[in-house]
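These notes concern the structure reproduced below.
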Amino acid sequence: MRWFLLRRLGGALFVLLALSVVVYAAFYVAPGNVAQIACGPRCSPAQVAQVSEQLRLGDPVYVQYAHFLQSLVAGRDYSTGTGVVHCQAPCLGLSYQSGQQVTQLIVAKLPATVSLAVGAFVLWMVLGVGTGLLSVWRRGRATERVLTGITLAGMATPVFVIGLLLIIICVTTLQILPFPDYVPFTEDPEQWAWNLLLPWISLALVSAAPYARMTRASMLETLAEDHVRTFRAYGVSERVIVGRHALRGALAPVIALGALDVGSMFGGAVLTESLFGIPGVGRELVAAVRNVDLPVVVGLVLVTGFFVVLANAVADILQAMADRRVVLS
């Protein structure tokens, strides 16, 4: 297990480094005048040249990338023309639009996104895995066919369609739920959950479908293995076989899929946050792209990649705990 964890940690660090190279090259080395974008369309050539000097765009690409990595570790000083602003580590730069440190901006938006992601993740895991197990338990019957049709419909329906339908039914028509108005958990936990219930349900209904199908397929494959037939031959009850033996092995691919989804959601559920007006990372990314605010876009992409890699590392550990064969592979 120790060597398994060290290998996964080394792989995660390598992926993060490779991601930083790709992202930096895509946004700062690609064709386009970064100094002009940073300064704005009304800047004179002299002002653009000054911004280019402040950003050290005349240095070789590898030197610029080295400064970028150094700023992540030790911070960086930025000249504003009238003074010097120190960006504390981990420094992802200063926003072209507001002048605010990108790290501080992301930290301010992250709690809303994390609240949305964690709540929806719990709901879709319970709903998806439960539906998959029920379809296996009732395989060959009408219940399985109905559940299969529901999961296919869920996979084919975009989240904004389900969100709009829920708003029309639950908020406008029945008036049983309020339109989401994000309240921080530290201010009022009850209102925090109540206002996020509608976005949680919208995401869960869409995201649970792949988990239901994967759980069903994985469980059927596990139940057909030799050791399960041996348990049945010894007279072990079906409930014990499913709950104690088959489920652990069948959950390994579900855990891997969950890591990818929840890691990506920490980078912002763009459609859901925009639809329900949640002030999270996703809405900030949309605004940054619209305003061509490169430091914010780069920072958000790197943060999303970090959470995806972190979630996959946690998933590897959970898979190894659920199935010891993973450690030996």
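The values are calculated or read from the model by the stated rules, or taken from the named source; none is laboratory data. Keep in mind that this is a model prediction, so the values were computed, not measured. Here Cβ is always computed from backbone atoms with ideal geometry, including for glycine, and neighbour counts include all displayed protein chains.
The combined condition, being under 23 Å from the mean Cα position of the chain (by Cα), buried (at least 18 other Cβ atoms within 10 Å of the Cβ) and of a type outside the set (Val, Ile, Thr), is not fulfilled by SER218.
Residues in region 86-101 that are surrounded by 18 or more Cβ atoms within 10 Å (Cβ to Cβ) and out of contact with any Asp or Glu (no Cβ under 7 Å at 6 or more places or on another chain): CYS87, CYS91, LEU92, GLY93, LEU94, GLN101.
The set of residues from region 276-295 being touching a residue at least 12 places away in the same chain (Cβ under 8 Å), farther than 17 Å from PRO111 by Cα and either in a helix (DSSP H, G or I) or not aliphatic (A, V, I, L, M) (or both) comprises VAL286, ALA288, ASN291, ASP293, LEU294, PRO295. Taking the criterion of being surrounded by 18 or more Cβ atoms within 10 Å (Cβ to Cβ) and either modelled with pLDDT of 80 or more or closer than 30 Å to PRO199 by Cα (or both), the only residue of region 232-245 that qualifies is ILE241. Out of all the residues in region 263-275, which are among the aliphatic types (A, V, I, L, M) and either outside any helix (DSSP H, G or I) or crowded, with 24+ Cβ neighbours inside 10 Å (or both)? Those that are among the aliphatic types (A, V, I, L, M) and either outside any helix (DSSP H, G or I) or crowded, with 24+ Cβ neighbours inside 10 Å (or both): MET265, ALA269.
None of VAL126, VAL84, VAL118 is within 19 Å of ASN195 (Cα to Cα) and of a type in the set (A, V, I, L, M, F, W, C) except VAL118.
The set of residues in region 137-179 being of a type in the set (A, V, I, L, M, F, W, C), touching a residue at least 60 places away in the same chain (Cβ under 8 Å) and either touching a Leu at 6+ places or on another chain (Cβ under 6 Å) or not assigned by the TED database to the domain that holds LEU251 (or both) consists of VAL159, PHE160. Considering GLY149, GLY128, the condition of being within 24 Å of LEU257 (Cβ to Cβ) and out of contact with any Phe, Trp or Tyr (no Cβ under 9 Å at 6 or more places or on another chain) is satisfied by GLY149 alone.
Here the helices (runs of 4 or more DSSP H) wholly within region 33-79 that include at least 2 residues being at pLDDT 75 or above and within 19 Å of VAL22 (Cβ to Cβ) are 61-74.
All told, VAL270 falls short of being farther than 23 Å from VAL102 by Cβ and either in the same structural domain as TYR182 (by the TED database) or among the aromatic types (Phe, Trp, Tyr) (or both).
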